[in-house]
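Values in this text are rule-based calculations from the coordinates and carry no lab data. Just so it is clear, the model here is predicted, and its values are computed rather than measured. Glycine gets a Cβ as well: all are built from the backbone with ideal geometry, and neighbour counts include every protein chain shown.
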Amino acid sequence: MRSWLGLHHHMLLVSLAHHFLVRLRIRFQPQALALTIYKVRLLLTSILPKPVFDAAAALRRVLYYQKRNYNLIFAQIQEVSIR
C-alpha cells in the first residue's frame, strides 16, 4: 500500500467483494452449498464483458498507466522533500 488512501481503497474493494459473495451465497443457497472463489471467478468471467484491444487501444492504456505511475512517484518525491 502506498498511503492511507490506498489502504482505504483496498479495504473498500475487499468489503464490496465480500458483500457480493455473501449475497450470492444467500441468493443461491439451495443450488450452491459451497460457493468457492474459483466458482465466483467463473461466474464473473462469464458475465462481465471482455475488453477487445487493438494495437492503438493497448498503447493508449499502457501510456495511461505509465503517466499515472509517474505522477504518483513524482507526488511521493515531493511529499518526502517537504518533510
Given the conditions (1) in contact (Cβ under 8 Å) with a residue 12 or more places away in the chain; (2) under 30 Å from VAL80 (Cα atoms), report the number of the one that MET11 does not fulfil.
(1)
Select from the stretch 44-61 the residues that are surrounded by 10 or more Cβ atoms within 10 Å (Cβ to Cβ) and not charged (D, E, K, R) and list them in ascending order.
LEU44, PHE53, ALA57, ALA58, LEU59
Would you check if ILE82 is closer than 25 Å to VAL14 by Cα, loosely packed, with under 10 Cβ neighbours inside 10 Å and of a type outside the set (Ser, Thr, Tyr)?
no
Quick check on the stretch 1-43: of everything there that is among the aliphatic types (A, V, I, L, M) and in a loop (DSSP other than H, G, I, E, B), which residue is surrounded by the fewest Cβ atoms within 10 Å (Cβ to Cβ)?
ALA34
Please identify the pairs in which a residue from the stretch 68-83 that is farther than 13 Å from SER3 by Cβ has its Cβ atom under 7 Å from the Cβ atom of a residue that is loosely packed, with under 10 Cβ neighbours inside 10 Å and not β-branched (Val, Ile, Thr), counting only partners at least 6 apart or on another chain.
none
